[in-house]
Amino acid sequence: MSMMSQRVLVIYSAVVSTVLGVVLLTGAIPQKMQSFDEIRVQRIDVVEPDGTLRMVISNRDRLPGVIVKGKQSPPNDRPQAGMIFYNDEGSENGGLIFGGRKNEKGEVVDSGGSLSFDKYGENQIVQLAGVDDKSDKLAGLAVSDQNRRVWVGRTGDGVAAVALMDAKGKKRIVMQVTPEGVPSLSFLDGSGKVVREVSGEAH
């Protein structure tokens, strides 16, 4: 091998070693996290390194429909903005949604919010909700299994209630107080008929 060839080989080796060293060192040094005083977006997707969706923060127009194992089921009929949570498989398993608007008649619709958590592969098991619009007026906490099992809250007519349901979702015990202050405790059979009731008068 000539002196010129040896010199070229030495220079080549030095350049390759330098480039490789820079690449290795740059990859080993943690990249500085960017910080912002304010950002303006319509949607943010939080994903795992493999791309699996874990959370979406979105405005109303870009909130996705229900997603199961990474596949979205159209159409999206949720007229709210919010944050949707996804499990390790990329399936929806809860969220925080909120909204409120008036329709063309000036009526308040889709007004309120909900924080919910789902059972693995199934529907909601816990929901904290507050709704006050033309069709619904309620606020409370619901605990569910296959059907709703517990409701603690206020109904549209102002009654504060605790209702316990059986596995079929049928009310079996209802404890409530009317807006006028009349308390009652009712026991119901499987058909919804009150079989015993204890009530008190307002003072």
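Annotations
- Within the option set VAL143, VAL174, VAL126, being modelled with pLDDT of 90 or more, farther than 29 Å from ILE67 by Cα and of a type in the set (A, V, I, L, M) holds for one residue only, VAL174.
- Within segment 41-77, if we keep just the residues that are β-branched (Val, Ile, Thr) and over 16 Å from ILE97 (Cβ atoms), the residue that is surrounded by the fewest Cβ atoms within 10 Å (Cβ to Cβ) turns out to be VAL41.
- Only one of the numbered conditions (1) closer than 21 Å to GLY158 by Cβ; (2) among the charged types (D, E, K, R); (3) in contact with a Phe, Trp or Tyr (Cβ under 9 Å, 6 or more places away or on another chain) is violated by LYS137, and that is (3).
Residues checked against (1) over 30 Å from the mean Cα position of the chain (by Cα); (2) part of a loop (DSSP other than H, G, I, E, B):
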site	(1), (2)
VAL162	no, no
ALA167	no, yes
MET175	no, no
GLU180	yes, yes
SER186	yes, no
SER191	yes, yes
GLU197	yes, no
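- Given (1) more than 29 Å from LEU115 (Cβ to Cβ); (2) modelled with pLDDT under 85, index of the condition GLN34 fails: (2)
Per-residue answers, yes or no, for (1) part of a loop (DSSP other than H, G, I, E, B); (2) within 14 Å of the chain's Cα centre (by Cα):
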site	(1), (2)
MET33	yes, no
ARG40	yes, no
ASP45	no, yes
MET55	no, yes
ASP61	yes, no
GLN72	no, no
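The values are calculated or read from the model by the stated rules, or taken from the named source; none is laboratory data. These figures come from a predicted structure and were not determined experimentally. FYI the Cβ positions are ideal-geometry reconstructions off the backbone, even for glycines, and counts take in every protein chain you see.
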